[in-house]
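**Q** Structure in structure tokens, see below.
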Amino acid sequence: MTSTTSDQKAVSCALMAKPQRQRLVSKDGRSLMQGNAPGSRETWFGAMRDMWGTWLALRWRWVVLAFCGSFLLHWLLFAVLWYLLARVNGDLDVLDHDSPPPGHVLCVKHVTGFTAAFSFALETQLTIGYGTMYPNADCPTAIALLALQMLLGLMLEAFITGAFVAKFSRPQKHCGGILFSPQAVVCEVRGQRCLMFRVCNLLPRPLVDVCVSAVLYEEHDDHELHQTAIEFSVDNLGSRPCPLFLSPLTFYHPLTPSSPLNNAPNTKHFELVVFLTASQESTGSGYHKRTSYLHDEIQYGSCFTKVTSQHGKGQSKAKSMRYFDTQPCPLTLPNTHTRDALEKEHVVVQINGEGSERVE
């Protein structure tokens with residue numbers, strides 16, 4: 001039995017010939033890598049050793065819960081200490097704190113129960129100002145406990161405030177307005193086949209010094225993950241950063257014979273991870289965004305449609321997605337690596353010694 005391949009199949013995309021695999025990086029840039037699953041004890045120890053990183057990695061709902069819980073626990077702890085101090089000193093047995101018995105020194109005026117002790121701990125931490133309840137300067141233990149609560153309270157407030165500022169200023173979190181095209185395309189640009197993707201800026205302010213880098217992750221026969229750097233450029237800037245992010249920008253990588261992507265179809269699994277870094281012109285704060293493209297997210301023989309209007313302020317995400325529309329783009333140049341890949345998928349069969357036919 002013999003068959004011949006059509007012209008369309010001869011130029012079919014070898015990058016799309018592999019089955020779906022689990023990706024390393026999600027489309028929105030989240031890392032999906034999972035290491036060895038340690039026990040609960042090792043997990044807790046690791047979190048305690050890197051408390052700052054663990055705090056920043058928490059979701060906002062847990063951060064707010066931890067914020068409220070830490071202050072409540074702090075107030076509750078010192079409420080217990082103030083209550084124990086009043087009980088040990090005998091202040092709870094004094095009926096009239098305005099006229100204590102002769103020779104009895106009150107540590108805290110009008111702390112007659114646990115509720116009053118909790119209110120006093122709250123006033124001390126928040127520096128609301130003492131009213132009828134206030135520490136007695138003649139009680140050294142009360143002054144020492146007051147100093148301890150203030151020191152620990154200031155440390156807690158500094159940590160909480162710094163963590164909130166750090167979470168707000170994380171480069172990955174304030175660049176939600178930077179969008180990557182869901183699909184990459186392979187088309188011909190100035191007489192050369194190129195792999196291209198597009199980036200759109202929805203932020204109300206321009207970005208400067210835009211740099212794009214990419215890493216090709218390949219799974220070889222030895223089941224090891226190999227990494228190869230892929231260079232992308234915009235227009236004729238080469239490896240230099242783009243000085244101004246005017247939406248949208250189209251980055252391309254020439255599929256030359258030396259390109260690592262030429263050997264990607266021969267691997268078990270590959271994923272192209274793209275990293276974008278930029279800075280804000282007014283403040284200099286950094287922006288970091290990343291995404292990934294699998295084999296089935298690369299459109300072979302397509303190109304992005306031309307942009308007819310510039311991106312304006314206040315434009316919605318749905319309207320800006322039209323910048324990622326693609327259209328068919330016939331490929332006329334030979335594709336060496338695709339032909340080689342196709343030849344490996346076919347065998348040559350002799351028919352009565354006359355010529356040969358390719359069969360799958």
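**Q** With label points built 7 Å along Cα→Cβ from the Cα atoms of VAL307 and SER282, find their separation and express it in nm.
**A** Spacing of the two 7 Å Cα→Cβ label points: 2.1 nm.
**Q** At ALA144 and THR115, where each label point lies 7 Å from the Cα along Cα→Cβ, what is the point-to-point distance in nanometres?
**A** Going by the 7 Å Cα→Cβ label model, 3.2 nm.
**Q** Treating only the Cβ of Lys, Arg, Asp and Glu as charged (+1, +1, -1, -1), what charge dipole size does the range 50-169 show about its Cα centre? Round to the nearest 20 debye.
**A** Values: 5 positive and 8 negative charges, 120 e Å.
Magnitude of the dipole: close to 580 debye.
**Q** Step by step: find N for the range 245-306, compute 2.2 N^0.38 Å, then divide the Cα radius of gyration by it. What's the final number?
**A** Values: Rg = 15.3 Å, N = 62, 2.2 N^0.38 = 10.6 Å.
Working it through for the range 245-306, the quotient is 1.45.
**Q** Cα-Cα pairs above 15 Å in the range 163-264: how many percent? Numbers along the way, then the final one.
**A** On the way: 3621 of 5151 pairs.
Summing the P(r) of the range 163-264 above 15 Å gives 70 percent of all pairs.
**Q** Tell me, what is the FRET efficiency for VAL63 and VAL208 to the nearest 0.05, using R0 = 41 angstrom and their Cβ-Cβ distance as r? Numbers along the way, then the final one.
**A** Details: r = 31 Å, r/R0 = 0.76.
Approximately 0.85, to the nearest 0.05.
**Q** Once Rh is set to the Kirkwood radius over Cα pairs, what Stokes-Einstein translational diffusion coefficient, in µm²/s, holds for the range 204-284 at a temperature of 25 °C and a viscosity of 0.890 mPa s?
**A** Working: Rh = 14.3 Å.
This corresponds to a translational diffusion coefficient of 171 µm²/s.
**Q** Another question, then. Calculate, in whole percent, how much of the Cα-Cα pair population of the range 50-169 lies beyond 18 Å. Write out the running numbers ahead of the final one.
**A** Working: 3974 of 7140 pairs.
Of the Cα pairs, 56 percent sit more than 18 Å apart.
**Q** In Å and on Cα atoms, what radius of gyration and Dmax does the range 109-243 show?
**A** 29.8, 90
The numbers here are math on the coordinates, done by the rules we state, and not lab data. Only a predicted model underlies this, so the values are computations on that prediction, with no experimental measurement involved. Heads up, the Cβs are rebuilt from the backbone with ideal geometry, glycines too, and the neighbour counts pull from every protein chain shown.
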